[in-house]
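Peer 1: If you scroll down you'll find the structure; I have some questions about it.
A short reminder: the numbers here are calculations on the coordinates, not readings from a lab. Quick caveat: nothing in here was measured; it's all calculated off a predicted structure. Cβ sites come from the backbone with ideal geometry, for glycine too, and all protein chains shown count toward neighbours.
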Amino acid sequence: MMERDVVVRLLLGLIMVVVAYAVIRILAPARTLLAGAALGAGALALVALNPGALASVEFWAGLVGFAAILSALMIVIHPNPMVSVLFLIVNLFCVALFYLFLNAQFLAAIQIIIYAGAIMVLFLFVVMLLNLKAEEGLTARGGPQRYGAIVLGGLFAGLLFDAILHRGPQPYFDPGTFASGFGTARELGGLLFTRYLFAFEAASLLLIAAMIGAVVLAKRRLR
Amino acid sequence: MMPPHYFLLVAALLFAIGCVGVLIRRNAIVILMCIELMLNAVNLTFAAFANESQSMTGHVFVFFVMTVAAAEAAVGLAIVIALFRRRRTTDVDDASLLRW
């Protein structure tokens, strides 16, 4: 298929441009402007050469997936917790976009409101409150455990990939046959307040317990 | 149309990255962030399967996972603050009182 080739070429090109940017940053850490200019020029040139790909869903889904994985890697490898928090926000936005691809509009909305809005503000607040510096780095200590963890993580990812690619025949899904309310707040609310009412009430108990626990734990002195 | 495997593969990769992050980082806040990353990957898998089977039950599960993630972040960060107040550190290797 012609269009698929264009999409794959553009995505691979963008990945190469980002890798080149990372190489420039590692080899010449002071030249941020040069690396940024190379990144922007490369991306613009690629898009100008393959204009057809911009109209396809596959391209955007691939781009969001690439951004999600890149930001997840940056969370893990960046020594500064502040930068990790900011990349986690990027990652959460990417997951929210994925929810839109999967017909889950309400989930996309609460992903941004609850995660990016509330939980990440809490994380940012704590990082700034404790005034954490980039103190550890990735080479500080724990050598053998680190390499073991990376190898085992790779094996684990391979296992998951194998399971996903070899699962049984999937039901064919046709976007045209979806119920009109799929993924809306109305449908989700209907389920929450009928079939899952007990779990919903239990969740409220969990939240109040977490709230009291957080207040008690963060108190300077109990009396 | 997107192949349904695509979302599952991205979610699996995100989960594995979060898993490695929990194991190799020593900063308690970054470990909590990696746990959030893993919970998000599982949520994405739930949403992908819900889309595939055209059943909203997966969305209900995502809702509850988000609730648990919010509770976990609040309590976890409170523990980090308490730890920092006592020990002036957020390194999990320095909080080894309960270790064997």
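Peer 1: At a 10 angstrom cut-off on C-beta neighbours, averaged per residue, how do the peptides A:50-58, A:93-101 rank from highest to lowest?
Peer 2: Ranking, from highest mean packing down: A:93-101, A:50-58.
Peer 1: So, one more: Using θ = phi - 60° and the Karplus form 6.51 cos²θ - 1.76 cosθ + 1.60, what ³J(HN,Hα) does each residue of the stretch A:56-65 get, whole Hz, x for Gly and Pro?
Peer 2: 9, 5, 4, 4, 5, 5, x, 5, 5, x
Peer 1: Taking the Cα-to-Cβ direction at A:SER180 and at A:MET16 and moving 7 Å from each Cα, how far apart do the two end points lie in nm?
Peer 2: 4.8 nm
Peer 1: Taking the simple approach of a point 7 Å from Cα along Cα-to-Cβ for both A:LEU206 and A:SER56, what is their distance in nm?
Peer 2: Simple spin-label model gives 4.0 nm for this pair.
Peer 1: So, R0 is 25 Å and r is the distance between the beta-carbons of A:ARG9 and A:LEU70; what FRET efficiency does that work out to, to 0.05?
Peer 2: 0.85
Peer 1: Before anything else, pin down the relative contact order of chain A: Cα pairs under 8 Å, at least 6 apart, normalised by residue count, whole percent.
Peer 2: 15 percent
Peer 1: Please give the residues of the stretch B:5-43, grouped as numeric ranges, whose backbone N is less than 14 Å from a label point set 7 Å along the Cα-to-Cβ vector of B:ASP94.
Peer 2: B:26-29
Peer 1: For the stretch B:42-52, just list the computed ³J(HN,Hα) in residue order, Karplus coefficients 6.51, -1.76 and 1.60, θ = phi - 60°, integers in Hz, with x standing in for Gly and Pro.
Peer 2: Result, rounded to whole Hz: 5, 4, 5, 4, 4, 5, 5, 5, 4, 5, 5.
Peer 1: Residue by residue through the stretch A:71-88, what is 3J(HN,Hα) from phi via Karplus (6.51 cos²θ - 1.76 cosθ + 1.60, θ = phi - 60°)? Round to whole Hz and write x for glycine and proline.
Peer 2: For the stretch A:71-88, the Karplus curve yields 5, 5, 5, 5, 4, 6, 9, 6, x, 8, x, 4, 5, 4, 4, 5, 5, 5 Hz.
Peer 1: Hey, another quick one. Pull out the extension gain between A:LEU124 and A:LEU49, defined as 0.36 nm times the separation in residues minus the alpha carbon to alpha carbon distance; nm, one decimal.
Peer 2: Taking A:LEU124 through A:LEU49 to full extension adds about 23.0 nm, to one decimal.
Peer 1: How would you rank B:20-27, A:187-194, highest first, on the average number of other Cβ atoms within 10 Å across their residues?
Peer 2: By packing density, highest mean first, the sequence is B:20-27, A:187-194.
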